[in-house]
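Enquirer: My questions all concern the structure below.
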Amino acid sequence: MYWLEPQLYSGGVKRMSNNSILVVGGGFAGITAALEAAEVGYEVYIVETNPYLGGRVAQLNQYFPKLCPPSCGLEIQFQRIKNNPNVKVITMADVTSVSGSAGDYDVKITQRPRFVNEKCTACGECEKATSTKVTSEFDFGTGSRGLAYKTHPFMFPMRYVVDAENASETELAAIKNACPYDAVDTDDAAKTIDLAVGAIVVATGWKPYDVSNLTNLGGGKLKNVVTNMQFERLCAPNGPTGGKIKRPSDGAEPQKIAFVQCAGSRDQNHLNYCSYICCMASLKHVRYVRERSDAAATIYYIDLRTPGRYDKFKSITEADDKLSLVKGKVAAIVEDGDGNPIVTVENALTGIKTEEKYDMVVLATGMQPSCAGLQVPAGAIDADGFVIDGEGIIAAGCAKQPLDVMKTAQSGTAAAMKAIQTVVGR
């Protein structure tokens, strides 16, 4: 595998033949698309905005239906990338412009500085050199990280990042001096890369719907109301609590937890569509809770949607006598003087309106495409922000529609086939 570093280029620009394929996004869909094309002989470039590959899957504690840790599936893919010289990876980079047409695209990419070069062994000495902490983006704000950091234990590429923007000159010097391998490059700067490719797979993935829009549910304001992805990080062994479920306000172990479905999904004021995986995610979260404690859980839902083979997962989970399922849309969440969330809901089956106090509430916020609200450099997006296929530009994974991990992989394979059809014979 080759990491595209600017020193490989003459004048910062390298032209590739246009039978190459560009994959925008290094999550599960993007990795799958890249490998499927590369393993039949095509040159593929993965451009990823994060310092690592793996996308949202890397941030999970487990994914269903087998409840595998993310490293289970991702490390196999990473090994395939390492062993295939047809795959080139550009991390911390964004596509800034695309011109041309199918079979002949000119793509400009801007790569942000990592301040750590390929000499890095991830020994961690740089991380020890500074005590300043900032909010961890990887943990969705539930934890903190240092100014020299790796996001998670199986980060790929396994190379540290230096947050020079938040570091003082003194701290930067300490980080650099702490490295025994001369891997910290404080003179690193942004670079521009030019690629010529024949097809583009857009696998930019998804982002959690902005919880601050859910004002009636206390989104972003009530300390003990968290999102489903924040809860995922709280349950992860490599997360901020080491996998222990704790209330953000006081670190106490909750004994009564509510899960609120369709928090922003299937709502004309927010996301019009069903986000596909939210019901399954909450059922999975109930299992997390029951594995770790004797806490009681309640799921408030409009419809419990467990497509295909996931219905068995639902049947097993709902048999737990500590789980209550209530059909009803939550109208409001407030908190009492002790920070306990109080949920107001009308039971759709009985018509009874209740106010129930919990130790913690988890909002099943919807999946919004990462391109939503942005000006995309390639292709077109629909009203919801999902990428629309065009000639030579193919959407994959959750950039195309909400999907689970299995269907995301299938989508990546399909996108690779379409990309190959675009460039074959050119």
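The values are calculated or read from the model by the stated rules, or taken from the named source; none is laboratory data. This structure is a prediction, so every number in the text was calculated from the model and none was measured. In this analysis, Cβ positions are derived from the backbone assuming ideal geometry, glycine residues included, and neighbour counts consider all displayed protein chains. Ligands, DNA and RNA are excluded from the accessible area calculation, which covers all protein heavy atoms including side chains. Shrake-Rupley method; radii C 1.70, N 1.55, O 1.52, S 1.80 Å.
Enquirer: Mind telling me which of PRO208, PRO307, PRO51 comes out most flexible in a GNM of the chain, alpha-carbon contacts under 10 Å?
Expert: PRO307
Enquirer: Next question, about the same structure. Add +1 for every Lys or Arg and -1 for every Asp or Glu among the other residues with Cβ under 13 Å from the Cβ of GLY243, and state the total.
Expert: Taking every other residue near GLY243 into account, the sum is 0.
Enquirer: Can you tally the net charge around ALA414? Count Lys and Arg as +1, Asp and Glu as -1, for every other residue whose Cβ sits under 13 Å from the Cβ of ALA414.
Expert: The answer is +1.
Enquirer: State whether region 181-280 is rounded, prolate or oblate according to the following rule on the C-alpha gyration tensor (a ≥ b ≥ c being the square roots of its eigenvalues): a/c under 1.5 gives rounded; otherwise a/b larger than b/c gives prolate, and the remaining case gives oblate.
Expert: oblate
Enquirer: Among DSSP beta bridges lying fully in the chain, give the percent that are antiparallel, nearest 5.
Expert: Here the share of antiparallel DSSP bridges comes out near 55 percent.
Enquirer: Name the chymotrypsin sites (Phe, Trp or Tyr not before Pro) in region 174-219 that are in a loop by DSSP and that have at most 15 other C-beta atoms within 10 Å, would you?
Expert: Here the chymotrypsin sites (Phe, Trp or Tyr not before Pro) that fit, given the DSSP loop and packing criteria, are TYR181.
Enquirer: Right, here's the next one. Pairs LYS66/LYS223; LYS246/LYS322; LYS150/LYS221; LYS133/LYS176; LYS128/LYS191; LYS66/LYS314: which exceed 23 Å Cα-Cα?
Expert: Long pairs (Cα-Cα over 23 Å): LYS66/LYS223; LYS150/LYS221; LYS128/LYS191.
Enquirer: Output needed: Cys residues of the chain lacking any neighbouring Cys C-beta below 4.7 Å, sorted by number.
Expert: CYS120, CYS123, CYS126, CYS179, CYS235, CYS262, CYS274, CYS278, CYS279, CYS371, CYS398
Enquirer: Another question, if that's okay. Can you compute the modelled spin-label distance between THR344 and LYS329, with each label point 7 Å from Cα toward Cβ, in nm?
Expert: 1.6 nm
Enquirer: Let me ask another. Please list, by residue number, every one of the GluC sites (Glu not before Pro) in region 99-174 that is coil in DSSP and has at most 12 other beta-carbon atoms within 10 Å.
Expert: Listed in order of number, the matching sites are GLU118, GLU137.
Enquirer: Further question: Return the carbon/sulfur percentage of the accessible area of the chain, one whole number, probe 1.4 Å, all protein chains in place.
Expert: Of the solvent-accessible surface of the chain, carbon and sulfur hold 49 percent.
Enquirer: Something else: Restrict the search to region 104-212; then list the trypsin sites (Lys or Arg not before Pro) that DSSP places in a loop and that have at most 16 other Cβ atoms within 10 Å of their Cβ.
Expert: LYS119
Enquirer: If you don't mind, another one. How would region 63-187 be classified by its alpha-carbon gyration tensor: rounded, prolate or oblate, with rounded meaning a/c under 1.5 and the a/b versus b/c comparison settling the rest?
Expert: oblate
Enquirer: Further, regarding this structure: Once you put a point 7 Å from the Cα of ILE76 and another 7 Å from the Cα of SER168, both along the Cβ direction, what distance in nm separates them?
Expert: According to this spin-label approximation, the distance is 4.9 nm.
Enquirer: Amide H to amide H under 5 Å from GLY141: which residues, 5+ apart in sequence or cross-chain, H placed 1.01 Å off N in plane?
Expert: When sequence neighbours closer than 5 places are left aside, the close amide H contacts are SER136.
Enquirer: Per residue, how much accessible surface does the chain expose to a 1.4 Å probe? Answer in Å², no decimals.
Expert: Ligands and nucleic acids excluded, the figure is 42 Å² per residue.
Enquirer: How many nm is it between the label spots at VAL134 and LYS312, if each spot is 7 Å from the Cα in line with the beta carbon?
Expert: The answer from the label model is 4.6 nm.
Enquirer: From the helices alone, meaning DSSP H stretches of at least four residues, give me the mean residue ellipticity at 222 nm for the chain, per-run term -39500 (n - 2.57), in deg cm²/dmol to the nearest 500.
Expert: Here the helix-only value at 222 nm equals -6500 deg cm²/dmol.
Enquirer: For P(r) over Cα pairs in 10 Å bins from 0, in percent, which listed value, (i) 4, 18, 24, 27, 19, 7, 1, 0; (ii) 5, 22, 32, 26, 13, 3, 0; (iii) 4, 21, 29, 25, 15, 5, 1, 0, comes from the coordinates shown?
Expert: Step by step, P(r) over Cα pairs in 10 Å bins from 0, in percent for this structure corresponds to label (iii).
Enquirer: Next up: Would you pull out the residues with amide H under 5 Å of VAL23's amide H, same chain only if 5 or more places away, H placed 1.01 Å from N?
Expert: TYR45, ILE46, VAL47, VAL201
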